[in-house]
Every structure is written in structure tokens, then in C-alpha cells.
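For reference, the structure is listed below as C-alpha cells.
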Amino acid sequence: MTRRFSGGPPPAELTEICALALRAPSAGFSQGSHVLILTQDDLRKFWLISGSHEWFTSKSPGVLDASAIVLILGDQDAYTERYSKPDKAGHGLEDPDHWVTPFWLTDAAMAAENLLLLIEEKSWGALLFGLFGDSRVVLDAFAVPPSVSCVGAIAVGYRHPDDQPSGSPTTRTRRPESEVVHLGQW
């Protein structure tokens, strides 16, 4: 994850890879994953409304030099509507409370992973983080419908030449395969 940025890609290029990232799997081909790309004035508005400006200013100010924030969004209504259709009905999934796993969030998370991989492929920088406080405040400020949730924000830009790995991966080792890969049973 990048913690220091220097400029960033043009909006058209970022839009193109965001569209590609949204080709992630979609339960029932519901296609309820969305991205909201924030640049320039919208980006400044995001930093202030989200409360993340203060935190990053004190902890990791280089993040504020990202050229864009991409909000990764999942629309539960797209899924409940899709699962009320004849070819999917009968499982009670037209009610969001009946979903054991809310796939509008799972599918959006897969789109986020796709976007992070595409950004890495382009040798840009990215930092995935959660919205601070009440996410609805941020979403409402950008007219995101009430049925839509945010699974994360991705700061995007060109990686500053002085960006260095930091955070938990620099102080913790990766858990061994024997602890996380289970064959047949736990």
C-alpha cells in the first residue's frame, strides 16, 4: 500500500481501469458493484467531510497527495431485485436480511481487489482504507442512494519515488501456509 503520492493518472485512464475492475464476478449477474471516482474539488470535499484529512495529516500526510479517491460501492437493491426474479426466486433472498453473506459487499470487495491489482500492474500507487465514522455522511454528500454501501476507499496516484513500505507488514511476518491453508478439515 502506498502512503506517499506524487500526482496521478488522467481521469480517463483511471475511469477505464475502474470499469475493467467492475468486471469482477457478480452473484446472479446482479451487477450491483459501483465505483465513485473523486478528483479535484470532489476529492478536497471528500477529505474534509470524511474526517480522514485530520487523521492522515497527523499519521501519513503523503496520502493526501493522491490524485483521486475511488469509493467502492455495493447496491443491495440490485441483488434483492435480481433474486426476486423467477429464475432466482424461492430462497427468500429478495429480503436483504435473509442473505447469510451479503454478496453486494462481497462482489464489491472483489472489484476492489481487481482495481488494486490493475493499479499495481500499471506501477501506480494505491491505499485501501475504510471510511472514518458514519459512512452515510460521506455517501449522502455525494448523492449515493441509501441502498448503497461503501466497502472501502482507495487513494490512487503515482507512487512518490521516496515512498517506502510502512505499517503492519513491516513489523509483522506473514503467517505460514500451515496456519492458514486447511485441507479437508480445520
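In the stretch 49-67, what residues are farther than 24 Å from Ser147 by Cα and either touching an Asp or Glu at 6+ places or on another chain (Cβ under 6 Å) or not polar (S, T, N, Q) (or both)? Break it down stepwise before answering.
Residues of the stretch 49-67 that are farther than 24 Å from Ser147 by Cα, as a first pass: 53-67.
Selection gives His53, Glu54, Trp55, Phe56, Lys59, Pro61, Gly62, Val63, Leu64, Asp65, Ala66.
Restricting the search to the stretch 124-139, which residues are assigned to a helix (DSSP H, G or I) and either under 22 Å from Ser6 (Cα atoms) or of a type outside the set (A, V, I, L, M, F, W, C) (or both)? Full working, then the answer.
Taking the stretch 124-139 and keeping what is assigned to a helix (DSSP H, G or I), we get 135-139.
Those that are assigned to a helix (DSSP H, G or I) and either under 22 Å from Ser6 (Cα atoms) or of a type outside the set (A, V, I, L, M, F, W, C) (or both): Ser135, Arg136.
Looking at the stretch 18-70, which of its residues are assigned to a helix (DSSP H, G or I), more than 29 Å from Thr80 (Cβ to Cβ) and of a type in the set (Val, Ile, Thr)?
Answer for the stretch 18-70, where residues must be assigned to a helix (DSSP H, G or I), more than 29 Å from Thr80 (Cβ to Cβ) and of a type in the set (Val, Ile, Thr): Thr57, Val63.
Could you give me the residue pairs with C-beta distances under 8 Å whose first residue belongs to the stretch 5-30 and is over 14 Å from Leu116 (Cα atoms), whose second residue is in a helix (DSSP H, G or I) and of a type in the set (Val, Ile, Thr) wherever it lies, and which are 6+ apart or on separate chains?
Phe5/Val63; Ala27/Thr106
So, in the stretch 81-122, of the ones that are basic (Lys, Arg) and outside any helix (DSSP H, G or I), which residue ends up surrounded by the fewest Cβ atoms within 10 Å (Cβ to Cβ)?
By that ranking, first place goes to Lys85.
Can you pull out every residue in the stretch 53-67 that is within 14 Å of Phe129 (Cβ to Cβ) and in contact with a Ser or Thr (Cβ under 9 Å, 6 or more places away or on another chain)?
Ser60, Gly62, Val63, Leu64, Ala66 - these are the residues of the stretch 53-67 that are within 14 Å of Phe129 (Cβ to Cβ) and in contact with a Ser or Thr (Cβ under 9 Å, 6 or more places away or on another chain).
In the stretch 45-77, what residues are in contact with a strand residue (DSSP E or B) (Cβ under 9 Å, 6 or more places away or on another chain), free of Cβ contacts under 8 Å to residues at least 60 places away in the same chain and aliphatic (A, V, I, L, M)?
Across the stretch 45-77, the qualifying residue is only Leu64.
Please identify the pairs in which a residue from the stretch 125-143 that is of a type outside the set (Val, Ile, Thr) has its Cβ atom under 6 Å from the Cβ atom of a residue that is part of a loop (DSSP other than H, G, I, E, B), counting only partners at least 6 apart or on another chain.
Close Cβ pairs (under 6 Å, with a partner that is part of a loop (DSSP other than H, G, I, E, B)) amount to Gly125/Thr2; Ala126/Thr2; Leu127/Met1; Leu127/Thr2; Phe132/Gly51; Gly133/Gly51.
Pairs needed: first member in the stretch 88-111, in contact (Cβ under 8 Å) with a residue 12 or more places away in the chain; second member anywhere, among the hydroxyl-bearing types (Ser, Thr, Tyr) and surrounded by fewer than 16 Cβ atoms within 10 Å (Cβ to Cβ); C-beta distance under 6 Å; at least 6 residues apart or different chains.
From residues that are in contact (Cβ under 8 Å) with a residue 12 or more places away in the chain, the pairs are Glu94/Ser84.
Residue-by-condition table, conditions (1) under 16 Å from Arg3 (Cβ atoms); (2) among the aliphatic types (A, V, I, L, M); (3) modelled with pLDDT of 95 or more:
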position	(1), (2), (3)
Leu71	no, yes, yes
His91	no, no, no
Ala111	no, yes, yes
Ile119	yes, yes, yes
Lys122	no, no, yes
Ser147	no, no, yes
Gln164	yes, no, no
Glu177	no, no, yes
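Would you mention how many residues in the stretch 21-42 are over 15 Å from Asp107 (Cβ atoms) and exposed (fewer than 14 other Cβ atoms within 10 Å of the Cβ)?
Of the residues in the stretch 21-42, the ones over 15 Å from Asp107 (Cβ atoms) are 36-42.
Still in the running and exposed (fewer than 14 other Cβ atoms within 10 Å of the Cβ): 40-41.
Counting residues in the stretch 21-42 that are over 15 Å from Asp107 (Cβ atoms) and exposed (fewer than 14 other Cβ atoms within 10 Å of the Cβ) gives 2.
Of all residues in the stretch 1-59, count the ones that are basic (Lys, Arg), closer than 25 Å to Val137 by Cβ and at pLDDT 95 or above.
Final tally of qualifying residues: 2.
The values are calculated or read from the model by the stated rules, or taken from the named source; none is laboratory data. It should be emphasised that the depicted structure is a prediction, and the values quoted were computed from it without experimental measurement. Here Cβ is always computed from backbone atoms with ideal geometry, including for glycine, and neighbour counts include all displayed protein chains.
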